[in-house]
Each structure stands twice: as structure tokens, then as C-alpha cells.
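Contents: one structure, followed by commentary.
The values are calculated or read from the model by the stated rules, or taken from the named source; none is laboratory data. Just so we're clear, the structure is a prediction, and the values are computed from it rather than from any experiment. Backbone-built Cβ (ideal geometry, glycine too); neighbour counts: all protein chains shown.
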Amino acid sequence: MPPIRHASQADLAALLALYQHLNQGEPPPAPDRAAPALAAIIASPLTTIFIAERAGEVASSCTLAIIPNLTRNARPYALIENVVTAAHHQKHGLGQAVLHAALDAAWAADCYKVMLATGSKNPATLRFYETAGFSSQGKTFFQIRRA
């Protein structure tokens with residue numbers, strides 16, 4: 001597996017460019033909004049952005065949030081979000097590598113479960129998550145979005 005590292009403030013521009021592969025057509029946030037958000041993620045002991053590089057570029061990333069919990073013997077749970085690999089870097093194991101780094105961190109934090117959601121119906125995307133060890137487990141996922 002390629003080496004994985006945690007994001008730093010110096011990665012801001014590269015992450016914003018990478019996220020264009022995730023939310024195509026959505027304009028990136030202005031730097032005066034994005035920089036404090038990245039600083040908050042980096043400063044929190046409960047959130048981490050994992051990065052894989054290829055050919056000198058930030059090529060793949062995911063974000064892990066660990067949530068303290070009062071059930072399950074006060075064991076936390078985790079959420080993985082913003083899983084993305086640049087199109088021209090796919091099929092090199094980078095997405096699997098960042099997911100496994102996030103899972104390793106969650107298990108090291110004694111999380112009892114790790115969740116992620118995808119809106120994709122693409123069979124290749126679903127196989128990607130299944131290959132990483134995730135399963136739907138028959139649960140229904142709900143969300144509400146604010147415009």
C-alpha cells in the first residue's frame with residue numbers, strides 16, 4: 001500500500017482541487033472559508049483527513065470523524081466522509097489505502113463501528129466499498145439537507 005499521511009494546512013489548495021472530483025460542478029469554497037474549516041479539522045483530536053499521494057499529487061483522500069458515545073459501553077463510533085480519488089489516479093489502490101488508514105485509526109480509538117454513506121448506484125463504486133470491508137447490513141440511511 002502507498003504511504004498515507006494526515007492533511008496539513010499546506011494541503012488546502014490540493015484538497016479543494018481533489019474535491020472537484022467528488023462534487024463535480026460545485027464551486028470550491030472561498031479560501032477565507034475553507035482555510036479555517038481545514039484548520040478546525042486538523043486541530044481536533046476527533047477528526048482526521050487521510051491523504052495518499054501519487055506522482056507528487058494529492059491523489060486520494062477521506063475524512064474520519066470519531067464521535068464520543070454513551071452507549072456500547074461508552075465506546076465511540078466513527079464516520080467516514082468525502083472519500084475521493086482523482087479520476088486519473090484511480091485503479092492504483094489509493095482509495096483502499098486511505099480507507100484502511102481511516103479504519104485502522106477508528107479501531108485504534110476503540111470504535112465499535114465505522115459508517116459511511118454513498119449516493120452512488122454505480123456497481124463498481126459499491127464493489128469498492130465492499131472490497132474495503134463495508135456492507136449495507138440491511139439498514140436504512142436517512143438524511144436531511146439544508147439548502
Practice problem: Check whether at least one residue in segment 66-78 is of a type in the set (Lys, Arg), more than 20 Å from Ala7 (Cβ to Cβ) and touching a Cys at 6+ places or on another chain (Cβ under 7 Å), and report yes or no. | Solution: yes
Quiz item: Got a number for residues in segment 94-137 being more than 14 Å from the chain's Cα centre (by Cα), of a type in the set (D, E, K, R) and not in a loop (DSSP other than H, G, I, E, B)?
Solution: 2
Exercise. Would you be able to tell me the number of residues in segment 1-53 that are under 18 Å from Ala102 (Cβ atoms) and of a type in the set (D, E, K, R)?
Key: 3
Practice problem: Starting from residues that are among the aliphatic types (A, V, I, L, M) and surrounded by 10 or more Cβ atoms within 10 Å (Cβ to Cβ), keep the ones in segment 126-147 and report whichever is modelled with the lowest pLDDT. | Solution: Leu126
Quiz prompt | Matching residues, segment 114-125, being within 17 Å of Leu22 (Cβ to Cβ) and modelled with pLDDT of 80 or more | solution = Leu116, Ala117, Ala124, Thr125
Practice problem: Kindly list the number of the only condition in (1) free of Cβ contacts under 8 Å to residues at least 40 places away in the same chain; (2) outside any helix (DSSP H, G or I) that fails for Val84. | Solution: (1)
Quiz prompt | Which numbered condition Thr48 misses (of (1) hydroxyl-bearing (Ser, Thr, Tyr); (2) in contact (Cβ under 8 Å) with a residue 24 or more places away in the chain; (3) part of a helix (DSSP H, G or I)) | solution = (3)
Quiz item: Of all residues in segment 21-46, how many are within 18 Å of Ile80 (Cα to Cα), surrounded by fewer than 16 Cβ atoms within 10 Å (Cβ to Cβ) and not aliphatic (A, V, I, L, M)?
Solution: 3
